[in-house]
């Protein structure tokens, strides 16, 4: 008899000595799960809320600030289109996320389950990426509009020499880039930690098929 | 919805009570401590319960359980700070204690566990299903790989295990 078959016999003979009673099991049903899907779900909700709030900040600012914004971005269709476009896209992402979460089932095969979770994570990634791009574009457009329409900023820029102007623009663009990069790295870190084990196991399964 | 159905709950608890050894074995494979074992047991129970309304009985409860338990251990489980109230695990019938976590098994099973703990998560799942007498069809369906690859990989893991056990 093969050594592993012997072990199999041992394996089967063991572990009769630990049993939970029904009384022990009942309360366990009502405790909260701490699975990565649940955490992923909370993160995606937080992302949605965060970026929606960012988009709606101007609506809650003071009237004076609103008037100033109106003056600066007078007749500016670009911002309006970006805002409406982002609402449509956010709705689309909510739909995609909802569909992705519905597809995650613990009774699927291990590989299918992992694929569905990774797919959900990708949707969140694209959502964040989309928001970062919108944020970047908005900051640059805002800067251009300020220079063109805001008397204070315009005066400031007029007092600059061409060299100073390019330095100022360079600094603004760099700050925007660094800001976006930091947020991006932050997300990479969160998901990196959260999904480390899943990624490793998914790779192990993939390698098996190679 | 499921929370308000005592009959469903009762049926589930009875089945779980009967087949709980499957979960304990998975927990022993994937955790190294008493607390982690309890925590994973708790998570698997939650996942089973959440999925139970969709369990139609076309699959054997135990077969269905293997899949959910392994999926939870391999994919969903994350060490939590949740404290599983220890009284759940300190019933008279539950003899496993922290200090004697390994002592109740004989030497050979101990050696086997030690060897299996050196495998990666997926290899553990394969060898676990083998030890539970599952055929390659079920193994490949549980993991989502082809039957051929399941066979090839299984042979490699067996060799690896023998080497660990003999070294």
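Every number in this text was worked out from the coordinates using simple rules, so none of it is lab data. In this text, all values refer to a predicted model and were calculated from it rather than measured experimentally. Positions of Cβ are backbone-derived with ideal geometry, glycine not excepted, and every protein chain shown enters the neighbour counts.
Please check which bits of region A:103-137 a label hung off residue A:82 would reach, taking the label as a point 7 Å along Cα-to-C-beta and the cut-off as backbone N under 14 Å. Counting backbone N atoms under 14 Å from the label point, the list is A:130-137. A straight chain from residue A:148 to residue A:184 at 0.36 nm per residue would run longer than the Cα-Cα distance by 9.9 nm. Distance between the 7 Å Cα→Cβ label points at residue B:166 and residue A:210: 2.8 nm. Post the alpha-carbon centroid distance, region B:1-56 to region B:111-167, in whole angstrom. Using only Cα atoms to place each centre, the spacing works out to 23 Å. Is any residue of region B:113-130 close enough, with backbone N under 19 Å, to a label point placed 7 angstrom from the Cα of residue A:3 along the Cα-Cβ axis, and if so, which? Within reach of a label on residue A:3, which here means backbone N under 19 Å from a point 7 Å along Cα→Cβ, region B:113-130 contributes B:113-120, B:124, B:127-128, B:130.
Return the average number of partner chain Cβ atoms within 10 angstrom of each residue Cβ along peptide A:141-149.
0
Spin-label model, residue B:17/residue A:89: points 7 Å from Cα along the beta carbon direction are separated by 5.6 nm.
Normalising the average separation of contacting C-alpha pairs (under 8 angstrom, six or more residues apart) by the number of residues puts the relative contact order of chain A at 21 percent.
For chain A, the longest principal axis of the Cα atoms and the long axis of helix A:63-72 meet at an angle of about 70 degrees.
Rounded if a/c is under 1.5, else prolate if a/b beats b/c, else oblate: with a ≥ b ≥ c from the C-alpha gyration tensor eigenvalues square-rooted, which is region A:50-209? It comes out prolate by the Cα gyration axes.
Dividing the Cα radius of gyration of the protein assembly as shown by its Kirkwood radius returns 1.13 for Rg/Rh. Ranked by the mean number of other Cβ atoms within 10 Å per residue, highest first, peptides A:191-200, B:60-69 order as B:60-69, A:191-200.
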